[in-house]
Each structure stands twice: as structure tokens, then as C-alpha cells.
1. Would a scan of the range 108-128 turn up a residue that is more than 24 Å from Ile229 (Cα to Cα), surrounded by fewer than 20 Cβ atoms within 10 Å (Cβ to Cβ) and in contact with a strand residue (DSSP E or B) (Cβ under 9 Å, 6 or more places away or on another chain)?
2. From Gly263, Gly282, grab the single residue that is out of contact with any helix residue (DSSP H, G or I) (no Cβ under 8 Å at 6 or more places or on another chain), in a helix (DSSP H, G or I), of a type outside the set (Val, Ile, Thr) and surrounded by 13 or more Cβ atoms within 10 Å (Cβ to Cβ).
3. Given Ala224, Ala175, Ala202, which one is out of contact with any Leu (no Cβ under 8 Å at 6 or more places or on another chain), surrounded by 15 or more Cβ atoms within 10 Å (Cβ to Cβ) and aliphatic (A, V, I, L, M)?
4. Restricting attention to the range 66-95, report how many residues are touching a helix residue (DSSP H, G or I) at 6+ places or on another chain (Cβ under 7 Å), part of a loop (DSSP other than H, G, I, E, B) and of a type outside the set (S, T, N, Q).
5. Being surrounded by fewer than 22 Cβ atoms within 10 Å (Cβ to Cβ) and modelled with pLDDT of 95 or more: is that true of Leu149 here?
6. Closer than 18 Å to Leu90 by Cβ, in a helix (DSSP H, G or I) and in contact (Cβ under 8 Å) with a residue 12 or more places away in the chain: does that describe Phe128?
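The values are calculated or read from the model by the stated rules, or taken from the named source; none is laboratory data. All values derive from a computational prediction rather than experimental measurement. Positions of Cβ are generated from backbone atoms using ideal geometry, with glycine treated the same way; all protein chains shown enter the neighbour counts.
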Amino acid sequence: MSKFVHSGGRLDTLRRLSLVAKSYKHRSELGNLLGGRSSTSLIRLFNERPETIGVLVWPYQCASWDTATRLKRLREHFDCVEKLAAPFNLGPNERMVVADLSFIRAGLRVVIDQPIWFLREGNLVINFFVDRVRMYSLAFSLYEEEGTLTATIGSIQGRDREDAVEEYRYLTKQAHGMRPRDFLFEVFCMVCSYLAIERVYAVTNEDRHHTHPYFGNRIQKTSADYNEIWEERGGVRKNNSLYLLSVTERRRNLEEIPQKKRGMYRKRYEMLDRVRNVLTEGVKQLNANPVSAPHEQFDL
């Protein structure tokens, strides 16, 4: 089991021992997680991505969540996607194109997948791809809170590529002044609306997964302050771990916008209406006929 999580060295030996100890301590929760009542999506995850067992020792979404909470949230997510079906119950190595947005920027697509490098931040990832290249991603997981389908965002990030700044500038222009990060969040809100998700939480900067003791003193490069991102969107901090976000679409009254910018906002809102229609139709088609996109269409 532990060979899938650690690969050598003194620190890895200690981590391996910790994994074995945690497996024994939480054997009851593990039994529930992988027992006969487990969803087929969860069983598929462990079959195709056995390193997921590392959730016993490494963080999942919030650094402060203990092992029992991580196991519970992991199971709850896959219980939820099992009910939702395609395209949200896709396998670990599948990608599904839910919307072609080439009318905004040639080659722009909305893609859902489960990249392994987001394993600790969320089990569903909504991405903007431009042609073959992943340009922006939002990782989240689902659970039910008080009988209501709820999402927790563990990550929102762009790419550290030489051409990224130029591409983001161009996409902002094509999206009528909407930055890619804000645009992707609006797409996420559209998905939430389709799924009747009314409550969305997002991890605070202080509790991001990379702050977990599992990583020791390793310094991980981060370029964005999540607190600022969520507060820009009107997020309300609930505790040290999470912000509560509204997924209700926010639109300014055109009459209150300076006249020289009114045309840009009108075109932006028309664009968003069209995106919602394309996205909704794409999700419905994939639900009726799940088709995974060929891997050769994408880079990592």
C-alpha cells in the first residue's frame, strides 16, 4: 500500500510508518470507505489511482482537517457524483469537454477532469483549455450539508508558462474585459446553478493544503492570496478554514455604468448568457451520452 505514496529516503520511511499506523487506527473508517456500500466511482478511483490511500496522512482540501474528516469528505464526494452521473462521475483518467467556446476565443473549451496533481485539492476540476493547453483550473469537491448539495473549492489557479500573461491578456480582451479567473468562476457558478448547488465554501489562504505538516518545511511557490480572491467575490469568512461564497450571478445595472463602458458590459452579459446555454446543453448531452475526449487532444 505505502509504495504508492512514498518512494524512498528517511523522511519517506517515517511517512510510510505513519501511513501504516493511520491505516490501523482508522481501520473502521477505511472499512466504511471501501466496504460493500461504496460507490462504484470511489472504487474505481482506488483501483486506477491507488495512491489516493495517502489521504490517511496527507491533506485533503483544508490543511486542518483531521484524518476522519478527510475520509468522510472523500466518501461523500463520490456518493454525490454517483447520483449526479455523467459528466461528474467521470473516471480518474477521463476528460469530458462540456462546452466549446470558440465563439469567444478560437480553441477555447471548458473541460472537466481529475488531474492527479489536484488530488489533494478537489476531485473535480473545471478547466479552460485553449487548443491542447490547460490554461486555468478550479478544483472542488461535493458533499451534502443539511440535505443540500454543497461544494468546497480547494484551488483556483492559472499556469506558469512563458505565454500565459499574453494569453490571459488576449482572453480578457475577447471576454469583454473579464479576467480568465473571474470568467472561470462564473462558469463554475453556472455549473452550480445547473446542479442546484446553493452553498459554496472555499479554502482560506492560511489553510491551503500545502501548509499541512506533511510537507515539512518545504516552501511551495504560490502566486495568489486566496483570501483576497474570495473577498473580491463577496465571500464571508466563516472560520480559519473556509469562506462562504455566493454563486448567484452578479450583474451591474447597465444604467449605473458609465456610458463609455456600457457597451462592453452589455456584450459581456450577452456572452455569459450564450456561455450558459452552451454549457447547459453540453452537460445534458454528456449526461445522456457520456463520451470521454481522446487523450491525444490534450497536453497535461
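1. Looking through the range 108-128, none of the residues is more than 24 Å from Ile229 (Cα to Cα), surrounded by fewer than 20 Cβ atoms within 10 Å (Cβ to Cβ) and in contact with a strand residue (DSSP E or B) (Cβ under 9 Å, 6 or more places away or on another chain).
2. Gly282
3. Result of the check over Ala224, Ala175, Ala202: Ala175.
4. Adding up the residues that qualify gives 6.
5. yes
6. Values: closer than 18 Å to Leu90 by Cβ: yes; in a helix (DSSP H, G or I): no; in contact (Cβ under 8 Å) with a residue 12 or more places away in the chain: yes.
Criteria not met by Phe128.
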